[in-house]
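Undergrad: Okay, handing you the structure first.
A short reminder: the numbers here are calculations on the coordinates, not readings from a lab. Here the structure is a predicted model, which means the values were calculated and not measured. When we count neighbours, we look across all protein chains shown, and the Cβ atoms used for this are built from the backbone with ideal geometry, even at glycine.
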Amino acid sequence: MAGGAGVEWYFGYKYSHNDLNAEDWRPRDKMWDQTRYALEFFQHHLPFTQMTHGDDLTSTPDDYCFAKPGEVYAIYLPKGGSTELNLERQVKTYKVSWFNPRVGGELQNGSVIYLKGPGRVSIGKPPSDPGRDWVVLVK
């Protein structure tokens, strides 16, 4: 979400099925699924090659914003909750959708369906599990 170019997983050496002797990848099954969900989200919903980090556009200090300002914003909320998005001088209406990175699937509606700029606006609350991580798509 900050312009990175990939991911590398390190499983540690003090655990069974560690990096040095891993032959059974089943204990990591959930991690592989969540990686696939993230990849599918990026490929289906974001023009990610045209986007850059936009953490300064949100009001919550521990979220991550990936943006093509004026067009699309993806906000990762690792602790759930909500934030405000600064649409700056954009006088447009945006659709707000929520993506569950834990289980993947279709985009969902939260408490706010549309945002209208300009200025700072609340993205609303997630459709469920408000204390868990979510990705918000503003388009």
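Undergrad: With +1 assigned to the C-beta of every Lys and Arg and -1 to the C-beta of every Asp and Glu, and no other charges, what is the dipole magnitude of segment 5-139 about the Cα centre in debye, to the nearest 20? Spell out each step's value before the answer.
TA: Details: 16 positive and 17 negative charges, 105 e Å.
For this selection, approximately 500 debye.
Undergrad: A follow-up question, please. Using the Kirkwood formula over every pair of different C-alpha atoms, what hydrodynamic radius in Å results for segment 42-138?
TA: Details: mean 1/r = 0.0759 Å⁻¹.
Result for segment 42-138, one decimal place: 13.2 Å.
Undergrad: Which trypsin sites (Lys or Arg not before Pro) from segment 1-88 combine a DSSP loop assignment with at most 10 other Cβ atoms within 10 Å? Display every interim value, and only then the final one.
TA: Values: sites: 14, 28, 30, 36, 79; in loops: 14, 79.
Answer by residue number: 14.
Undergrad: Turning to a different aspect of this structure: Give me the extension gain from residue 108 to residue 50: residue separation times 0.36 nm, minus the current Cα-Cα distance, reported in nm with one decimal. Provide the component values of the computation, followed by the final result.
TA: Details: separation 58, 0.36 × 58 = 20.88 nm, distance 2.44 nm.
Difference between extended and current length: 18.4 nm.
Undergrad: How tilted is helix 29-45 with respect to the longest principal axis of the chain? Cα atoms for both, answer in degrees (0 to 90, nearest 10).
TA: 30
Undergrad: Near residue 79, which lysines are there with a Cα under 23 Å away, not counting those fewer than 8 places off in the same chain?
TA: Straight-line reach from residue 79, under 23 Å: 30, 95, 125, 139.
Undergrad: Another question about this same structure. Which residues in segment 38-81 have a backbone N closer than 17 Å to a point placed 7 Å from the Cα of residue 93 along the Cα-to-Cβ line?
TA: Backbone N within reach: 71.
Undergrad: Still on this structure: Any chance you could check the Cα centroid distance between segment 119-135 and segment 34-66 for me, in angstrom?
TA: Between the Cα centre of segment 119-135 and that of segment 34-66, the gap is 14 Å.
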